[in-house]
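Data block below; observations after.
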Amino acid sequence: MSSNNKKRVFSGVQPTGSLHLGNYLGAIKNFVNLQNDFDCLYCIVDLHAITVWQNPVNLRANILDVASAYLACGIDPKKSIIFVQSSVPHHVELSWIFNCISRIGWLNRMTQFKEKAGKNKEKVSAGLYIYPNLMAADILLYLADLVPVGDDQKQHLELTRDIAQKFNNDYSEFGGKDFFPIPEPLILDESSRVMSLRDGTKKMSKSETSSMTRIELKDENDLIIKKISKAKTDAFPIPESIDELGNRPEVKNLLNIFSSLSEVPVLNILNNYAGKQFSDFKKDLSDLLIARLEPIRNELIRIEGDNGYLRDVLEDGAIRANEKSERNIKEIRKIIGLG
Ligand code: TYM
């Protein structure tokens, strides 16, 4: 809870490549909606990005890209704090403390680590393994109550809750009782989980080699039309009921995207298109995507051309985030016996 009695919201996005429709519908759209009612901090999590090697020139550009995307999507730096994770050193300090609270058994359960490490477990960085502890530090450093994320981050949020609870228990006699709030994930409904345009069983991702699998926030209108027209479907017409979508993941994904953008339930969309060919539906979906993404793209280009503005927003964000984190880390050090 913040000093003005508003609940506190924290979330972050990794600067590892072009942001896509999944980042927008699963997370950033929600960030924008929350800023009127809550005290919000939105972070560009560059220290998470380097758990996998990043070309420094690209990393620097990607950090500014995520900051521009936050602004272009409608995050208002007067209402919310927008900042870069590495500009607040307390994230790293708290993550070390959490490395000592979190358990190896908990980290071993993380499916995202297993997916990312694959068969190469011995060769990935130690940072990738303890990544969830840093994520817990991001959230708990600001005593955040609510964390808007896509469904793929749910398990990391559960770990964050376990760390908060263990800290509060382990130090209950030393001022730690109820110190950390137990943060709640804010996950939109299933339709906000955006899957690859080429394989409806895989999530849309920045790291997928082919950019035809995703719609990027910077895609021109023609490219959006091309990607949607080539998006995988199947030989059957659009069904009448949600049940019939069961084993048609690509079709379900396109309907979910339509629903998420238009805020019309999937069933109503099916009523409109049932029995029709995909070409009509895909044309309307492209129109909808263009109507939503074109203004964001134009704003992105405008902001990226104004480096001074972007720098000011991030400098101001770093000062405001540091003020909050400094207060909390001092208390945390005291509770543990470090200060
Ligand atoms: P990242 O950078 O992978 O993704 C940023 C946000 O976008 C959501 N997302 C999706 N939502 C729906 N469909 C998709 N295909 C899709 N792909 C990505 C993610 O769920 C996320 O909300 N570990 C985090 C970053 C992080 C963080 C934090 C988040 C670091 N510290 C503290 C919240 C709080 C990550 O890698 O997100």
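Just so you know, all these numbers are worked out from the coordinates, no wet-lab data involved. Keep in mind it's a predicted model, so treat the numbers as computed, not measured. All Cβ positions, glycine included, derive from the backbone under ideal geometry; neighbour counts span all protein chains shown.
To two decimal places, what compactness ratio does the stretch 154-248 give when its Cα radius of gyration is scaled by 2.2 N^0.38 Å?
Details: Rg = 21.2 Å, N = 95, 2.2 N^0.38 = 12.4 Å.
Cα-based Rg divided by the globular estimate yields 1.71.
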Query - Lys/Arg +1, Asp/Glu -1 at C-beta; the stretch 123-280 dipole; positive extreme among N247, V266, F236 - result: F236
Report summary line: Measuring from its Cα centre, the chain shows a charge dipole (+1 at each Lys and Arg Cβ, -1 at each Asp and Glu Cβ) which, in debye to the nearest 20, is 740
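Direction-averaged shadow area of the convex hull around the Cα atoms of the stretch 81-181, nm²?
Working: hull surface 28.4 nm².
It is 7.1 nm².
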Query raised in the report: How many nm is it between the label spots at I242 and N4, if each spot is 7 Å from the Cα in line with the beta carbon?
Result: 3.7
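I'd like the FRET efficiency for K330 and A126, computed as 1/(1 + (r/R0)^6) with the beta carbon distance as r and R0 of 30 Å, rounded to 0.05.
Details: r = 28 Å, r/R0 = 0.94.
Calculated value: 0.60.
Please give me the summed charge of the neighbours of S210: other residues whose Cβ is under 14 Å from its Cβ, Lys and Arg +1, Asp and Glu -1. Don't jump to the answer; show the numbers that get you there.
On the way: positive: R198, K202, K206, R214, K226, K227, K230, K232; negative: D199, E208, E216, D219.
Charge balance near S210 sits at +4.
Report the extension gain between L338 and S211 in nm, rounded to one decimal, defined as 0.36 nm multiplied by the number of residues separating them, less their alpha carbon distance.
Values: separation 127, 0.36 × 127 = 45.72 nm, distance 4.82 nm.
Gain on stretching L338 to S211: 40.9 nm.
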Report summary line: Over the chain, the quotient of the Cα radius of gyration and 2.2 N^0.38 Å is 1.04
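Less than 14 Å Cβ to Cβ from K78, Lys/Arg counted +1 and Asp/Glu -1: what total charge do the surrounding residues give? Can you show the working numbers first?
Values: positive: K79, R320; negative: D39, D76, D312, D316.
Summing Lys/Arg as +1 and Asp/Glu as -1 gives -2.
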Report summary line: Membrane-span-like helices (DSSP H runs, Cα span along own axis at least 27 Å, mean Kyte-Doolittle at least -1.0) in the chain -> 278-304, 307-336
Report task. Could you tell me the largest-minus-smallest coordinate of the C-alpha atoms of the stretch 1-139 on each of the three principal axes, in descending order and whole angstroms? Result -> 45, 33, 26
Query raised in the report: Roughly speaking, what is the stretch gain from V92 to A117, that is 0.36 nm per residue apart minus the C-alpha to C-alpha distance, in nm to one decimal?
Result: 6.7 nm
Query raised in the report: In the stretch 1-145, how many lysine pairs have Cα atoms under 27 Å apart, counting only pairs 8 or more places apart or on different chains?
Result: 10
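To the nearest 500 deg cm²/dmol, what mean residue ellipticity at 222 nm is calculated for the chain from DSSP H runs of n ≥ 4 alone, each contributing -39,500 (n - 2.57), summed and divided by the residues? It would help to have the intermediate numbers written out before the result.
Details: 13 runs with 172 residues, N = 339.
Calculated mean residue ellipticity at 222 nm is -16000 deg cm²/dmol.
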Query raised in the report: How many lysine pairs are close in the stretch 211-301, with Cα atoms under 20 Å apart and the two 8 or more places apart or on different chains?
Result: 22
**Report entry** the stretch 211-301 - percent relative contact order, Cα under 8 Å, separation 6 or more
**Finding:** 38
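Just the number, please: percent antiparallel of the DSSP beta bridges in the chain, rounded to the nearest 5.
10
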